[in-house]
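One structure below.
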Amino acid sequence: MRISVSSDMAAGVADALVADLRRRGHHVLAHGALNPGDGDDRDDWAWASEAAARDVAEGRADQAVVCCWTGTGASIAANKVPGVRAALCADAYTATGARRWNDANALALSLRVVSEPLLAEILDAWFEGRPSEEADDRANVAHVDTIARS
Ligand SMILES: O=C(CO)[C@H](O)[C@H](O)COP(=O)(O)O
């Protein structure tokens, strides 16, 4: 899978995240502090997360993983890009739910709270997860786009 990854800092599990994704066989596109000097406008969280989210929205990536110290800014910025559903996940159960119920296509992570073992659990759950095909779940996901357009 093509995964666009962003972070405003090369801290915590940021480098381990890129290595883990590559080990899983994914093609990684890196933004922000994970790819300084790549021509993106800025490496700060709002810009870096936007760049990764736009890769998804514009078809250059299948999914994104967006990081910042808290995970909140990266999540907020990614969710402003139409078509991107970013979920801030700090445990495997939440990652499973984000894929199943939210059809999330961007995983937001806090570099402050996610350890390497926890990262592996979250990524296992994320990549094993599949969107629900139940009508009420699809309706919820579709309504998110409706809200964004209103
Ligand atoms: O968690 C974040 C945003 O939600 C940032 O990573 C945090 O604010 C640190 O940014 P800076 O190093 O620019 O002060």
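The values are calculated or read from the model by the stated rules, or taken from the named source; none is laboratory data. The structure presented is a predicted model; accordingly, all values stated were derived computationally and were not measured. Every residue, glycine among them, receives a Cβ derived from its backbone with ideal geometry; neighbour counts consider all protein chains shown. When the accessible area is computed, the model is the full protein with side chains, heavy atoms only, and any ligands, DNA or RNA have been set aside. Shrake-Rupley method; radii C 1.70, N 1.55, O 1.52, S 1.80 Å.
What to note about this one:
- Test: Asp38 is touching a Pro at 6+ places or on another chain (Cβ under 8 Å) and in a loop (DSSP other than H, G, I, E, B): no
- Enumeration of residues in the stretch 32-50 that are open to solvent by 20 Å² or more (accessible area, probe 1.4 Å) and within 16 Å of the ligand (Cβ to nearest atom): Ala33, Leu34, Pro36, Asp40, Asp41, Arg42, Asp43, Asp44, Trp45, Ala46, Trp47, Glu50
- Across the stretch 53-75, the qualifying residues are those that are within 16 Å of the ligand (Cβ to nearest atom) and open to solvent by 10 Å² or more (accessible area, probe 1.4 Å), and the one among them that is nearest to the chain's Cα centre (by Cα) is Ser75.
- The number of residues in the stretch 1-12 being of a type outside the set (Gly, Ala, Ser) and either more than 14 Å from the ligand (Cβ to nearest atom) or open to solvent by less than 10 Å² (accessible area, probe 1.4 Å) (or both) comes to 4.
- Within the stretch 116-150, the set of residues being small (Gly, Ala, Ser) and more than 19 Å from Ala64 (Cα to Cα) comprises Ser132, Ala135, Ala139, Ala142, Ala148, Ser150.
- Residue match in the stretch 98-109 (condition: assigned to a loop (DSSP other than H, G, I, E, B), at pLDDT 95 or above and at negative phi): yes
- Within the stretch 76-93, the residues that satisfy the criterion of being under 21 Å from Val18 (Cα atoms) and surrounded by fewer than 24 Cβ atoms within 10 Å (Cβ to Cβ) are Arg85, Ala87, Leu88, Ala90, Asp91, Ala92.
- For the stretch 74-88, a tally of residues being without any contact (Cβ under 8 Å) to a residue 60 or more places away in the chain, assigned to a helix (DSSP H, G or I) and small (Gly, Ala, Ser) returns 3.
- Verdict on Ala61 being in contact with a strand residue (DSSP E or B) (Cβ under 9 Å, 6 or more places away or on another chain), of a type in the set (A, V, I, L, M, F, W, C), outside any strand (DSSP E or B) and modelled with pLDDT of 95 or more: yes
- Residues being closer than 16 Å to Leu21 by Cα, away from the ligand (no atom under 16 Å from the Cβ) and within 11 Å of the chain's Cα centre (by Cα) - total across the stretch 94-129: 4
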